[in-house]
There are 2 protein chains.
Amino acid sequence: MLTIGTLAKRTGTKVQTIRYYEQIGLMPEPDRTEGGQRRYGDAELDRLAFIRHSRQLGFPLDAIRELLDLTDAPDRPCHEADEIARRQLKLVEQRMERLKALRTELKRMVKECSGGNAAQCRVLEVLRDHSECLTEHDQIGA
Amino acid sequence: MLTIGTLAKRTGTKVQTIRYYEQIGLMPEPDRTEGGQRRYGDAELDRLAFIRHSRQLGFPLDAIRELLDLTDAPDRPCHEADEIARRQLKLVEQRMERLKALRTELKRMVKECSGGNAAQCRVLEVLRDHSECLTEHDQIGA
DNA sequence: ATACATCCTCTAGCAACTGGAGGTTCAAGA
DNA sequence: TCTTGAACCTCCAGTTGCTAGAGGATGTAT
């Protein structure tokens, strides 16, 4: 049986995060010692590893919840998982597009800065005036 | 003089967001009508446009605060603004690298899915077992 | 004079954690 | 067996950058 600290180390998670996952129902309530401390088995280790890996791939917790439901029901058709992964892929691709535009703009700003003082700073000027931008970058969220 | 709603429309900001910026000291406290409604002038319009444009380029509010300080003090040397922009550029480039790795992994997952049921789903399998991943993707934050 | 869009303040919520206070439990060494 | 001290417990608040809603006041046009 693993303590929460050991589980944390093994999965590269913070202890508080594990408790948080329990609180929101993503991790089950584990066994406890007489004194009330959590003790975990291998099933929980696997589950947490799955969650963390999915998080590393950028899946939101809601999506991970759905994926976990699927692993718990091996008979259900796979296309749901496929769907979720495709959705995530699309999101990643959108974000990349957006970041590409930002990078272009930022590079240009930095390159044009000739090191005077704030009054004639190109960086500040570009920020002041959107029309100086060559690319579109209209969303704000990440 | 502009109402908050007009200011919002002109800058593509929500009304609440403007009030929020005021609350955190990013926007100044504007004049008020006798009845207590906010009225804005052109300086505030410019300032908000600056903020919004910076947000579109991904600058966090803290960085924007520094940039605004610089525009308010035109004598200060420009390299601070340059620094901030370079920092932001670096961040964007890091994120792009990370997303590239994620995209690779997700593409592979989706491609290998042959459409059976959950038990033999490649998507779920890859998520279960990190060692199936070819690329590094070890940070979690966006 | 009245309608009604817009404004006001205040509070709470989102995602996904993270940190700390203040107190208990567990395991190892003397 | 006792004692130390690391690791555990619960609960609450904070992070970032907004967004939504309740419940009520104001401003403007007819």
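Computed values, structure above
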item: Across the identical copies, how the residue A:100 labels are spaced - nm, sorted shortest first, 7 Å along Cα→Cβ; result: 1.2
item: For residue A:65, inter-copy label distances in nm, listed shortest first [label point 7 Å out on the Cα-Cβ vector]; result: 3.4
item: Integer Hz, Karplus 6.51/-1.76/1.60 couplings in order for the stretch B:121-130, x for Gly and Pro; result: 6, 5, 4, 5, 5, 4, 5, 5, 10, 4
item: Cβ-derived FRET efficiency at R0 25 Å, residue B:100 paired with residue B:20, nearest 0.05; result: 0.15
item: Furthest towards positive pole of dipole, B:48, B:135, B:115, structure part chain B, Cβ charges; result: B:115
item: Label point 7 Å beyond Cα along the C-beta direction, distances from residue B:5 to other copies (nm, shortest first); result: 5.9
item: Amide proton proximity set for residue B:117, modelled H, under 5 Å, gap of 5+; result: A:78
item: Among B:60, B:77, B:28, residue whose mean-square fluctuation peaks in a GNM of chain B (springs only between Cα atoms under 10 Å); result: B:77
item: Cross-link pairs beyond the 32 Å C-alpha cut-off, checked among A:111/B:100; A:9/A:107; A:14/B:100; A:100/B:9; A:9/B:90; result: A:9/A:107
item: Probe 1.4 Å, protein heavy atoms only - accessible area per residue of the stretch B:1-42 in square angstrom; result: 66 Å²
item: Residue B:9-residue A:112 FRET efficiency (beta carbon distance; Förster radius 25 Å; 0.05 resolution); result: 0.20
item: Assigned charges on the beta-carbon of Lys, Arg, Asp, Glu; chain B dipole about Cα centre (debye); result: 700 debye
item: Residue B:27 long-range amide H proximity, modeled H, under 5 Å; result: B:22
item: Rg ratio (alpha-carbon, reference 2.2 N^0.38 Å) - the protein assembly as shown; result: 1.28
item: When the stretch A:79-132 is reduced to its Cα atoms, the Kirkwood hydrodynamic radius in Å; result: 13.6 Å
item: Nearest-20 debye value, the stretch A:79-132 charge dipole, Cβ charges on Lys, Arg, Asp, Glu; result: 180 debye
item: Relative contact order, percent, chain A [alpha-carbon distance under 8 Å, six or more residues apart]; result: 15 percent
item: The stretch A:1-133 - Kirkwood radius from inverse mean 1/r over Cα pairs (Å); result: 18.7 Å
item: The stretch A:30-108 shape via C-alpha gyration tensor axes, a/c threshold 1.5; result: oblate
item: Rounded to the nearest 20 debye, dipole of the protein assembly as shown from Cβ charges on Lys, Arg, Asp, Glu; result: 260 debye
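The values are calculated or read from the model by the stated rules, or taken from the named source; none is laboratory data. Since we're looking at a predicted model, the values are computed, not measured. All Cβ positions, even for glycine, are placed from backbone atoms using ideal geometry, and neighbour counts span all protein chains on display. We work out accessible area using only protein heavy atoms, side chains counted, and drop any ligands, DNA or RNA first. Shrake-Rupley method; radii C 1.70, N 1.55, O 1.52, S 1.80 Å.
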